[in-house]
Structure formats: C-alpha cells, structure tokens
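Chemist: My structure is below; once you've seen it, I'll send some questions.
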Amino acid sequence: MTPEQTEVRDKVKAELKKAGLLDPEFCTDEEITRFSQARKFEIKKVMKMIEKQSLGDGNLQLHVEKLKMTPEQTEVRDKVKAELKKAGLLDPEFCTDEEITRFSQARKFEIKKVMKMIENAVTWRREAKPQNIRPKDIEKECSTGKTFVAGKDKFGRPVIVMDSSVENSKDHNGKIQNLLFHLEHAKRLMPENVDKWVLFIYLDKFSFWNSPPMKTSSETNNCLMLRFPERMGHCFLYQPPTLFSVVWKMASPLIDARTKKKIHFMGGSFAKGSANDKKLNELMGEEWRKIVGVDDTYSSTKARGYDNKKIFDDLNKFYAKYDEEKAAASKGKESIPAPTTQAPAPPPKQAQEVKPTD
C-alpha cells in the first residue's frame, strides 16, 4: 500500500470504531484493505460496503451473540467498573462484566456517556427492583398474553411476543411491571452463548383505541433502549399500518444504523413459502410459526400463540425452582467463613533435645 492508501484504511478503521462497527475478528487491517481496494479507496464507498457486510442478518455478533471485545474496549469496561465501585453503584448481581459491556457498546465505549447511562440504570433498578417481580405480581396483566415469552428461536434467543390489541388494563404501573417481568425472564432463559432476544410485535389489529397511552409507550421505550441496552437481536413488526411508515420516517434519522438494521417492517403474505415466511425461517427457524402463533385464529381476549394456564403453570414451576436455587446459593455464601485478618500463629517451639547423662 502507498502511504495515501494506508491513510484511507486507517480513516475507515477510525470511522468504524466511532460507529461501533469495528468487529475485531472481521475488521482487520487486511480485511479493510481488501474492501478499500474494491472501492478504489473512496472512503464513503468503502464505509458503505463494509457497513452493509457487517450489519447483515448473518452477523451473529450483531443479532445473537455477546460482543467479542478488543483490548481497548476491555480497558474501557474495566475503567467503568472501577468508577462504579468508587461511586458505591457496583451492584454485584447486575453490574457483571457482560452487562457493563452492553452499556459500553450502547454508548460506543465513551466512558462519560457509559457512566451516565449505567448510573441511571442502577439507580432505577434499586427503586423499581424488576429482578424481584414474580408471576403472582402480574397475574391479571398477564392473562391475555399482551406481552409474553413464547419460546426460543433456532439460535436459542427468547422470543417476546407483544400485541396491544388484547390490552386488558388501564393501569400504567401494572403494564410496566408486566413488561419488566418478561424482560427479566427472557434474560434468565438465555443460554451461555446468547446475548439477545427477539421481539415479534403484532400490529395488524392496531388502533388508537387499543394502543397504550403515550406515558406507557415512552416508559416502554426507556426500558428497552436505556435499561436493557444491546439486548434486541431482531424486531419483527407484523403487518404494520400505514401510520407506522410515517412515524418511522420521522424517527429513523434519530436511530443509529445498528439498531435500524435489526428492525423489520413485514407486510403482505405470511403464507407458507411466501417471501416473509422464507425470511423468518432464515432469521428465526422453521418453528417460527408455531412459536408466535401466527396461524391461530385471532381473538380480542387472547394473543395468538398464548395459553394462559400452561404458560402460567410453567412460570410458577420455573420460579419455584429458581428462587429455591438462588436461596440455597445465597445461604452457601453466608456459611463460608470470612477470611481472618489476624496474623498466623507462630509455629510451636521445638522441644529442647535432652542429652543423656553419664
């Protein structure tokens, strides 16, 4: 490479890092050089080509897995962790390395922005305590399945189904508590290698009459974007009305490229073999229809794919075991004796040798 070409490559690398797209395994100097050569070292064209490749639906880093960190990113995470500890905000259950990584990624590893975001989340969790919500707390709100975890897709990602057309409450706090329970539950269902969930949102029966009020919609957005960042792998909007395309045109300039790539507006036919069916087979797996209940008959009193008795029985069994294991683990920690701070006792003096007498 000429010095000018090397300069272009380095500028592209810097732009990718700034955009949060610098995948350490994919965006090597050699790979960026190849893309640069393919676009004759024209920065805008090179960036467009790499973004299209790195934001594709086949990118498991973006849509499924935990982030593979660069040394620089790891250093930022560790600094954030140290600052949280210093501020008395290092919640041992919530502020894991993986969680701090997600907040860091959401703010492009800019320490001040990461700290502000995670400080707000920790303060909020101390008051809201979403981790303590249990099935009995959301029994009424949960009864129609307006929000529920329907199962897992082919990657092991929990699939959260939402349908505001089966709304059964006007209780803002109850609705948010129901949402938070299912977000926390989805987290607990993730296998070790999975870091994301799928949102499947029914909009075919959407109307202003059954849509949540602005206060609830705003709080829902805050929960998804600010308190559970980098958790969405894909979001499928099923049969969105025309109104949504207008809203999207207004909102999309404010949404970063990574998030926009995860959102799919899906209208038209969903019959077996259709383009939508093939796409969801690819992105969720062949069981997608059964998971979200798309072939079920619509009812205004029950979400498609939802069986209240079965799901609630499963939830109660899950949390009976989960809480029992958590209590046992906590008790085990308490029973471990604290390390002593006393200096070790000196070794016993050896008995003096008694010499035989004549």
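Chemist: Determine, yes or no, whether Asn193 is at negative phi, touching a strand residue (DSSP E or B) at 6+ places or on another chain (Cβ under 7 Å) and either surrounded by fewer than 16 Cβ atoms within 10 Å (Cβ to Cβ) or of a type in the set (S, T, N, Q) (or both). Working first, answer last.
Modeler: Details: at negative phi: yes; touching a strand residue (DSSP E or B) at 6+ places or on another chain (Cβ under 7 Å): yes; either surrounded by fewer than 16 Cβ atoms within 10 Å (Cβ to Cβ) or of a type in the set (S, T, N, Q) (or both): yes.
It is true that Asn193 is at negative phi, touching a strand residue (DSSP E or B) at 6+ places or on another chain (Cβ under 7 Å) and either surrounded by fewer than 16 Cβ atoms within 10 Å (Cβ to Cβ) or of a type in the set (S, T, N, Q) (or both).
Chemist: If Lys116 meets every condition in (1) assigned to a loop (DSSP other than H, G, I, E, B); (2) without any contact (Cβ under 8 Å) to a residue 12 or more places away in the chain apart from one, which number is that one?
Modeler: Result: Lys116 fails condition (1) only.
Chemist: Would you confirm whether or not the stretch 117-126 contains a residue that is within 24 Å of Thr70 (Cα to Cα) and surrounded by fewer than 22 Cβ atoms within 10 Å (Cβ to Cβ)?
Modeler: Initial filter on the stretch 117-126 (within 24 Å of Thr70 (Cα to Cα)): 117-119.
Next, only the ones that are surrounded by fewer than 22 Cβ atoms within 10 Å (Cβ to Cβ) stay: 117, 119.
Yes, the stretch 117-126 contains at least one residue that is within 24 Å of Thr70 (Cα to Cα) and surrounded by fewer than 22 Cβ atoms within 10 Å (Cβ to Cβ).
Chemist: Still on this model: Answer with yes or no whether Lys349 is farther than 20 Å from Thr147 by Cβ, in a helix (DSSP H, G or I), modelled with pLDDT under 95 and open to solvent by 60 Å² or more (accessible area, probe 1.4 Å). Can you show your working first?
Modeler: Details: farther than 20 Å from Thr147 by Cβ: yes; in a helix (DSSP H, G or I): no; modelled with pLDDT under 95: yes; open to solvent by 60 Å² or more (accessible area, probe 1.4 Å): yes.
For Lys349, the condition - farther than 20 Å from Thr147 by Cβ, in a helix (DSSP H, G or I), modelled with pLDDT under 95 and open to solvent by 60 Å² or more (accessible area, probe 1.4 Å) - is not met.
Chemist: Would you point out which residue out of Phe181, Phe200, Phe208, Phe244 is under 25 Å from Met266 (Cβ atoms) and buried (at least 17 other Cβ atoms within 10 Å of the Cβ)? Show your work before the answer.
Modeler: Values: Phe181 fails: under 25 Å from Met266 (Cβ atoms); Phe208 fails: buried (at least 17 other Cβ atoms within 10 Å of the Cβ); Phe244 fails: buried (at least 17 other Cβ atoms within 10 Å of the Cβ).
Only one candidate passes the filter, namely Phe200.
Chemist: Ok, one more. From the list Asp314, Asp307, Asp277, Asp295, exactly one residue is over 30 Å from Lys18 (Cβ atoms) and in contact with a helix residue (DSSP H, G or I) (Cβ under 7 Å, 6 or more places away or on another chain). Which is it? Spell out the reasoning first.
Modeler: Working: Asp314 fails: in contact with a helix residue (DSSP H, G or I) (Cβ under 7 Å, 6 or more places away or on another chain); Asp307 fails: in contact with a helix residue (DSSP H, G or I) (Cβ under 7 Å, 6 or more places away or on another chain); Asp277 fails: in contact with a helix residue (DSSP H, G or I) (Cβ under 7 Å, 6 or more places away or on another chain).
That would be Asp295, the only listed residue that is over 30 Å from Lys18 (Cβ atoms) and in contact with a helix residue (DSSP H, G or I) (Cβ under 7 Å, 6 or more places away or on another chain).
Chemist: Moving on to the next point. Are there any pairs, at least 6 apart or on different chains, whose C-beta atoms fall under 6 Å, with the first in the stretch 16-30 and at pLDDT 65 or above and the second assigned to a loop (DSSP other than H, G, I, E, B) and hydrophobic (A, V, I, L, M, F, W, C), and if so, which?
Modeler: Leu16/Leu22; Leu16/Cys27
Chemist: Looking only at the stretch 62-74, decide whether some residue is over 16 Å from the mean Cα position of the chain (by Cα) and among the acidic types (Asp, Glu). Can you show your working first?
Modeler: Step one: filter the stretch 62-74 for residues over 16 Å from the mean Cα position of the chain (by Cα), giving 69-74.
Now narrow it down to the ones that are among the acidic types (Asp, Glu): 72.
Yes, because at least one residue in the stretch 62-74 is over 16 Å from the mean Cα position of the chain (by Cα) and among the acidic types (Asp, Glu).
Chemist: Okay, next question. Among the residues of the stretch 221-233, is there at least one that is open to solvent by 30 Å² or more (accessible area, probe 1.4 Å), farther than 24 Å from Glu184 by Cβ and not hydrophobic (A, V, I, L, M, F, W, C)?
Modeler: Within the stretch 221-233, none of the residues are open to solvent by 30 Å² or more (accessible area, probe 1.4 Å), farther than 24 Å from Glu184 by Cβ and not hydrophobic (A, V, I, L, M, F, W, C).
Chemist: Please find, among Gly88, Gly145, the residue that is free of Cβ contacts under 8 Å to residues at least 12 places away in the same chain and outside any helix (DSSP H, G or I). Quick ask: steps written out before the conclusion?
Modeler: Details: Gly145 fails: free of Cβ contacts under 8 Å to residues at least 12 places away in the same chain.
Gly88 is the lone residue from the list that is free of Cβ contacts under 8 Å to residues at least 12 places away in the same chain and outside any helix (DSSP H, G or I).
Chemist: Please indicate, with yes or no, whether at least one residue in the stretch 189-207 is among the polar types (S, T, N, Q) and farther than 14 Å from Ser164 by Cβ. So that I can check it myself, show each step before the final result.
Modeler: Of the stretch 189-207, the ones among the polar types (S, T, N, Q) are 193, 207.
With the extra rule that they be farther than 14 Å from Ser164 by Cβ, the set shrinks to 193.
Yes, the stretch 189-207 contains a residue that is among the polar types (S, T, N, Q) and farther than 14 Å from Ser164 by Cβ.
Chemist: For the stretch 91-112: of the residues being part of a helix (DSSP H, G or I) and open to solvent by 40 Å² or more (accessible area, probe 1.4 Å), which is farthest from Lys154 (Cα to Cα)? Walk me through how you get there before you give the answer.
Modeler: Taking the stretch 91-112 as the starting set, the residues that turn out to be part of a helix (DSSP H, G or I) are 97-106, 111-112.
Those left that are additionally open to solvent by 40 Å² or more (accessible area, probe 1.4 Å): 97-98, 111-112.
Working: Asp97: 26, Glu98: 22, Ile111: 35, Lys112: 37 Å.
Looking at the filtered set, the residue picked out is Lys112.
The values are calculated or read from the model by the stated rules, or taken from the named source; none is laboratory data. Quick caveat, the model's predicted, so the values are computed rather than measured. We place every Cβ from the backbone using ideal geometry, glycine too, and count neighbours over all the protein chains shown. All accessible areas refer to the heavy atoms of the entire protein, side chains included, with ligands and DNA or RNA removed. Shrake-Rupley method; radii C 1.70, N 1.55, O 1.52, S 1.80 Å.
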